[in-house]
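Okay, so here's the structure we're looking at.
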Amino acid sequence: QLHVVESGGGVALPGGSLRLSCVGSGSIFTYNAIGWYRQAPGQQREWVASINVGGNTAYEDSVKDRFRITRDNAKNQVYLQMNNLQPEDTAVYYCNLAQGDWSSYTYWGQGTQVTVSS
């Protein structure tokens, strides 16, 4: 059973940076691709980035030159380094598996709020 805890959100100025962390439980986290997702107010949740067990990464087009996803399998942690933040990045950020149809997942952690504002 997957269990995740996201942290590291906060308030940033446009152009600023934040680093999100996700701690996961169990082998299901260690041996699967993990993704970061976000949900802005009034909008549907969207995929942001993902990383597989081997370290291969993928990014949504609007973040691919600004965000970097990494993982530390020994610590069961996945990180999202977010640089050059923009107001449109404001959302609650979640981590979860990145296998198959993520939109069908029923488990989500509490997320971490990222607010980008001047």
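Here are the numbers:
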{"read-out": "Subset of region 50-63 that is in contact (Cβ under 8 Å) with a residue 12 or more places away in the chain and not β-branched (Val, Ile, Thr) - its residue that is least open to solvent (accessible area, probe 1.4 Å)", "value": "Ser50"}
{"read-out": "Residues that are surrounded by fewer than 17 Cβ atoms within 10 Å (Cβ to Cβ) and at pLDDT 95 or above, drawn from region 78-107", "value": "Gln81, Asn83, Asn84, Gln86, Pro87, Glu88"}
{"read-out": "Of all residues in region 30-43 being within 14 Å of the chain's Cα centre (by Cα) and not aliphatic (A, V, I, L, M), the one that is farthest from Arg71 (Cα to Cα)", "value": "Gln39"}
{"read-out": "Qualifying residue in region 29-50 (condition: over 12 Å from Trp102 (Cβ atoms) and touching a Gly at 6+ places or on another chain (Cβ under 6 Å))", "value": "no"}
{"read-out": "Test: residue in region 40-49 that is in a strand (DSSP E or B), touching a helix residue (DSSP H, G or I) at 6+ places or on another chain (Cβ under 7 Å) and open to solvent by 50 Å² or more (accessible area, probe 1.4 Å)", "value": "yes"}
{"read-out": "Evaluation of Tyr31 against (1) aromatic (Phe, Trp, Tyr); (2) touching a helix residue (DSSP H, G or I) at 6+ places or on another chain (Cβ under 8 Å); (3) open to solvent by 60 Å² or more (accessible area, probe 1.4 Å) (one fails), failing number", "value": "(2)"}
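The values are calculated or read from the model by the stated rules, or taken from the named source; none is laboratory data. Predicted model, so just to flag it, every value in this text is computed and none were measured. Cβ coordinates were reconstructed from backbone atoms using ideal geometry, including for glycine residues, and neighbour counts include every protein chain displayed. Areas reflect the complete protein model, heavy atoms only, side chains present, ligands, DNA and RNA absent. Shrake-Rupley method; radii C 1.70, N 1.55, O 1.52, S 1.80 Å.
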